[in-house]
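Q: I am attaching a structure below and will ask some questions about it afterwards.
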Amino acid sequence: QVQLVESGGGLVQAGGSLRLSCAASGRIFNIYDMAWYRQTPGKQRELVATITRGGNTNDADAVGGRFTISRDNAKNTEYLQMNSLKPEDTAVYYCNARISIEYYSNPRDYWGQGTQVTVAS
């Protein structure tokens, strides 16, 4: 089976930085788009940033210029570098990847377990 394991969350002061990582493992044939989402209590999960296999990126207006998504295809890993963090960035961050497990299979979405990011004012 496929697993996405996140790391790098924690508590940081406003203005600080954190780097999240998400490593995919298991039966993987190909990883297509990868992304980061975040969610706060009582709100819907929102998209933070996406990256294609070729490295094309998009990010949400709320984080533009402060967060950078990247990936290492050789390691099946994606990253989210978060700079100039604000208290409103506090959330559980989830990684997402569209993965096919064999040549003839349709890709499907997989999710990490989530990692808490707390930004203190």
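The values are calculated or read from the model by the stated rules, or taken from the named source; none is laboratory data. Being a predicted model, the structure only gives us computed values, none of them experimental. Ideal geometry is used to build each Cβ from the backbone, glycine not excepted, and the neighbour counts take in all protein chains shown. Quick note on the areas: whole protein, heavy atoms, side chains included, nothing else; ligands and nucleic acids left out. Shrake-Rupley method; radii C 1.70, N 1.55, O 1.52, S 1.80 Å.
Q: Quick check on my filter: what residues within the range 52-62 are surrounded by 10 or more Cβ atoms within 10 Å (Cβ to Cβ) and within 24 Å of PRO87 (Cβ to Cβ)?
A: ASP59, ALA60, ALA62
Q: Let me ask something else about it. If GLY65 meets every condition in (1) in contact (Cβ under 8 Å) with a residue 12 or more places away in the chain; (2) open to solvent by 60 Å² or more (accessible area, probe 1.4 Å) apart from one, which number is that one?
A: The number of the failed condition is (1).
Results for (1) among the hydrophobic types (A, V, I, L, M, F, W, C); (2) out of contact with any Gly (no Cβ under 8 Å at 6 or more places or on another chain); (3) at pLDDT below 95, shown as yes or no for each residue.
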position	(1), (2), (3)
GLN3	no, no, no
SER21	no, no, no
ILE31	yes, yes, no
GLY42	no, yes, yes
THR50	no, yes, no
ALA60	yes, yes, yes
ASP72	no, yes, no
ALA97	yes, yes, no
TRP111	yes, yes, no
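Q: Looking only at residues that are over 12 Å from ASP89 (Cβ atoms) and surrounded by fewer than 16 Cβ atoms within 10 Å (Cβ to Cβ) in the range 14-28, which one is nearest to the chain's Cα centre (by Cα)?
A: Going through the qualifying residues, I end up with ARG19.
Q: Additional query: Only residues that are open to solvent by 80 Å² or more (accessible area, probe 1.4 Å) and either closer than 16 Å to THR115 by Cα or among the hydrophobic types (A, V, I, L, M, F, W, C) (or both): list them for the range 1-13, please.
A: Once the filter is applied, which keeps residues that are open to solvent by 80 Å² or more (accessible area, probe 1.4 Å) and either closer than 16 Å to THR115 by Cα or among the hydrophobic types (A, V, I, L, M, F, W, C) (or both), the range 1-13 yields GLN3, LEU11.
Q: If you go through the range 94-121, how many residues are of a type in the set (Phe, Trp, Tyr), out of contact with any strand residue (DSSP E or B) (no Cβ under 8 Å at 6 or more places or on another chain) and touching a residue at least 60 places away in the same chain (Cβ under 8 Å)?
A: 1
Q: Still on this model: When you scan the range 29-51, do you find a residue that is in contact (Cβ under 8 Å) with a residue 60 or more places away in the chain, among the aromatic types (Phe, Trp, Tyr) and open to solvent by 80 Å² or more (accessible area, probe 1.4 Å), even just one?
A: For the range 29-51, residues in contact (Cβ under 8 Å) with a residue 60 or more places away in the chain, among the aromatic types (Phe, Trp, Tyr) and open to solvent by 80 Å² or more (accessible area, probe 1.4 Å): present.
Q: Inside the range 76-112, can you point out the residues that are more than 24 Å from GLY16 (Cα to Cα), of a type outside the set (D, E, K, R), surrounded by fewer than 17 Cβ atoms within 10 Å (Cβ to Cβ) and within 16 Å of the chain's Cα centre (by Cα)?
A: If the condition is that a residue be more than 24 Å from GLY16 (Cα to Cα), of a type outside the set (D, E, K, R), surrounded by fewer than 17 Cβ atoms within 10 Å (Cβ to Cβ) and within 16 Å of the chain's Cα centre (by Cα), then TRP111 is the only one that fits.
Q: Also, quick follow-up: Return yes or no: is ALA23 touching a residue at least 24 places away in the same chain (Cβ under 8 Å) and either of a type in the set (S, T, N, Q) or in contact with a Leu (Cβ under 8 Å, 6 or more places away or on another chain) (or both)?
A: Yes; evaluated as a whole, the condition is true for this residue.
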